Amino acid sequence: MLADYQKKLQKELKILKKNGMLKNFINGELKDSVSKDSFELTSPVDGKKICDVTSSNHKDIDKAAKAAAKAFKTWKNIDHKERRDILNRIADNIEKYADEIAVLESYDTGQPIRFTKKAAIRGAANFRYFAEKTIDAANGLSTPDTHHMNFSIRQPIGAVGIITPWNAPFMLSTWKIAPALASGCTVVHKPAEDSPVTAMILAKAAKEAGLPDGVWNVVHGLGHTAGKALTEHEDIKAIAFVGETTTGSHIMRQGADTLKRVHFELGGKNPVIVFDDAEMDRALDAVIFMKYSLNGERCTSSSRLLLHEKVYDTFIKKLLARVKKLKIGNPLDPKTEIGPLIHRGHQEKVLSYAKLAKEEGANILTGGGSPKGKLAEGCYVNPILLDGVTPKMRIGQEEVFGPFLSVFKFKTEAQAIKIANSVRYGLTAYIWTNDTSRAHRIARDVEAGMVWVNSQNVRHLPTPFGGMKYSGIGRDGGEYSFDFYMETKNICIAYGTHTIPKLGS
Ligand code: NAD
């Protein structure tokens, strides 16, 4: 199977090579950046070059933003059924390209193929879901009073900027772009510079589906040049951003002069709380999955495990045995569970947290180094498990964004809540207990935008997705996405029966 995927990858890399540089996609055409600058993209798997990527600045952003603003004039009024059909055709095309998306995403990000194989399916599902919602996107409320009829309608806000991170680039891009298009907005997408490849397959899928030129543009480049220019552009009415909390702060500042509407999905340091009455085997599977899947580079990962003292020793023993058995390897191998991290800098960052953990007095139960031999070419980290962690330690507070799990011990429910809420983040929380009342109490009191009880993160598209505190602003999903991408307009029509005050009579 590894050989099959490697063969597929070689075919895709040949095509990339033949096409030359990864270009911008503006107004339906592939374009080099105005400056002709570029940067080299390498794979975290073996350090080899994947391709050159055009590096854009404010001039390219200006072209893309203007194309999107122009296309908005027609796209916002296109027949809803036609818009729905185009989105459904984009979903069909995404499924058609599932194999190439999977192998390229694995090689570009280091994410194991067992997960990237599902990226196209999930991406297509996002488009299909919002395709159907297109029909209702403009719906509002009717709120009459005695003398007036009030009703609201929703209208798309305009051209929007979408800025995505490197960890799950394909799926996250579809998650943002599908509702924007369904609302009637047009898009300038700036993919992460560390994993930009599959964004071009997405744009190709859209072009082939008959999406009008200019409705969806892709501009490659670095955050402080292309990204910044996008957030400052006058024609861009809103920014949907997924990435680090500090970048969110920059974007808020950058967008202040043009009063950008922002939607932020940021970092997390999410707790999973396991009580002594929980179903231990299911909790164990979920804890491991939610921290070590996607290489731990997952905003919703449960990076802090809070264990009740009565089950602490037995749970840790089983957990340690399983973590030691996680299969590290080439992400194209279907057996691989942990691939390389996105780049050398990130690998070093994660390893530096293992060093810090020792200095802070936590116990490293396993991991912390890198595998030797052939895998040393890539940015691999042996999965890390630590116990004896307290909220005072930096490793108990900061987002590591890797296969790094910190374990805390608690005795009472109040202690568990205190530890869970002791960080600045508030994205997700996971609770394992068979006591229904306790589950309700903790779900109410834990500071997180999303709480799962007796479950790992299972996404249901109509539900609100987003974080509290430093984990984000706003919610995605179903109607919540339309709140962001659309303006609500109230229209008040008098029945002609109300009094109008007379002045100067
Ligand atoms: P990042 O913030 O470094 O980069 C994200 C994107 O922002 C990239 O495209 C980058 O080029 C761009 N960018 C950087 N500086 C910019 C600026 N000044 N102006 C405009 N754009 C700029 O994040 P990352 O390292 O790519 O991704 C990892 C982070 O993303 C983690 O913190 C993770 O928790 C977070 N994340 C959050 C969610 C969520 O749903 N909450 C999902 C996935 C990832």
### Query
Computed over the Cα atoms of the chain, what is the ratio Rg over Rh, Rh following Kirkwood?
1.01
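At a Förster distance of 30 Å, what's the computed FRET efficiency of Glu40 paired with Lys325, Cβ-Cβ distance as r, to 0.05? Provide the component values of the computation, followed by the final result.
Numbers: r = 36 Å, r/R0 = 1.21.
Rounded to the nearest 0.05, the efficiency is 0.25.
Mind scanning Lys190/Lys260; Lys327/Lys411; Lys73/Lys133 and naming the pairs with a C-alpha gap bigger than 27 Å? Present the calculation step by step, with values, prior to reporting the outcome.
Values: Lys190/Lys260 16 Å; Lys327/Lys411 33 Å; Lys73/Lys133 21 Å.
The answer is Lys327/Lys411.
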### Considering only region 379-505, percent of DSSP beta bridges that pair antiparallel, nearest 5
30 percent
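Taking 0.36 nm per residue of sequence separation and subtracting the Cα-Cα distance, how much length would be gained by fully extending the chain between Glu309 and Ile121, in nm to one decimal?
On the way: separation 188, 0.36 × 188 = 67.68 nm, distance 4.09 nm.
Gain in length upon complete extension: 63.6 nm.
How many Å³ per residue does the convex hull of the Cα positions in region 355-443 occupy? Intermediate values should be presented prior to the final figure.
Details: hull volume 11.1 nm³, N = 89.
Convex hull volume per residue, Cα atoms: 125 Å³.
Order 139-145, 27-33 from most to least packed using the mean count of other Cβ atoms within 10 Å. Let's see the in-between values first.
Numbers: 139-145: 11.7, 27-33: 17.4.
Ranking, from highest mean packing down: 27-33, 139-145.
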### Query
Using the per-residue mean of other Cβ atoms lying within 10 Å as a proxy for protection, in what order, highest first, do the peptides 183-194, 57-68, 39-50, 355-366 fall?
183-194, 57-68, 39-50, 355-366
### Distance between region 127-182 and region 196-239 - C-alpha centres, whole angstrom
18 Å
### Summary
Dipole check, the chain, charges on Cβ (K,R +1; D,E -1), about Cα centroid: among Ala159, Ala199, Gln10 the Cα furthest to the positive pole belongs to Gln10
### Query
Percent antiparallel among DSSP beta bridges with both residues in region 271-453, to the nearest 5?
15 percent
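Within the chain, what whole-number % of the accessible surface is contributed by carbon and sulfur, with the 1.4 Å probe and all protein chains included in the calculation?
Details: 11460 of 21610 Å².
Answer for the chain is 53 percent, counting heavy atoms of protein chains only.
Computed FRET efficiency, Cβ-Cβ of Arg282 and Lys49, R0 45 Å: what is it to the nearest 0.05? Intermediate values should be presented prior to the final figure.
Numbers: r = 44 Å, r/R0 = 0.97.
Once the sixth-power term is evaluated, E becomes 0.55.
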### Task
List every residue whose amide H lies under 5 Å from the amide H of Asn217, counting only residues 5 or more places away in sequence or on a different chain, with H placed 1.01 Å from N in the peptide plane.
Val187, Val188, His189
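With every protein chain kept in place and ligands, DNA and RNA left out, what is the accessible area per residue of region 244-284? Probe 1.4 Å, answer in Å².
Details: 1800 Å² over 41 residues.
Here the residues of region 244-284 average 44 Å² of exposed surface.
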### Summary
For region 423-433, in residue order, the Karplus 3J(HN,Hα) values (coefficients 6.51, -1.76, 1.60; θ = phi - 60°; whole Hz; Gly and Pro = x) are 9, 7, 8, x, 8, 10, 9, 10, 10, 10, 7
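Express in nm, to one decimal, how much length is gained between Ala443 and Thr258 on full extension, taking 0.36 nm for each residue of separation and deducting their alpha carbon distance.
Numbers: separation 185, 0.36 × 185 = 66.60 nm, distance 3.79 nm.
The Ala443-Thr258 span can extend by a further 62.8 nm.
Roughly what % antiparallel, to the nearest 5, for the DSSP beta bridges in the chain?
Numbers: 27 of 66 bridges.
Looking only at bridges with both residues in the chain, the antiparallel portion is about 40 percent.
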### Query
Can you give the FRET efficiency for Leu2 and Ile493, using 1/(1 + (r/R0)^6), R0 = 51 Å, r = Cβ-Cβ distance, to the nearest 0.05?
0.15
### Task
Starting from the amide H of Leu405, placed 1.01 Å from N in the peptide plane, find each other amide H under 5 Å away whose residue is 5 or more places distant or on another chain.
Ile384, Leu385, Leu386
#### Entry: Amide H contacts under 5 Å for Ser471, placed H, 5+ residues apart
Gly426
### Task
Counting only C-alpha contacts under 8 Å and six or more residues apart, can you give the relative contact order of the chain as a whole percent?
18 percent
### Gain upon complete extension [Ala376, Glu348; 0.36 nm per residue less C-alpha separation]
8.8 nm
## Note on the structure
Checked against the positive end of the charge dipole of region 454-500 (+1 on Cβ of Lys and Arg, -1 on Cβ of Asp and Glu, about the Cα centre), the farthest of Met486, Thr499, Ser471 is Ser471
### Task
Towards the positive end of the charge dipole of the chain, with charges on Cβ (+1 Lys, Arg; -1 Asp, Glu), say which of Ala238, Ala67, Ser352 has the farthest Cα.
Ser352
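The values are calculated or read from the model by the stated rules, or taken from the named source; none is laboratory data. Just so you know, these numbers come straight off a predicted model, no measurement behind them. A quick note on method: Cβ atoms are made from the backbone with ideal geometry, for glycine too, and the neighbour counts reach across all protein chains shown. These accessible areas exclude ligands, DNA and RNA; they are computed on the full protein's heavy atoms, side chains included. Shrake-Rupley method; radii C 1.70, N 1.55, O 1.52, S 1.80 Å.
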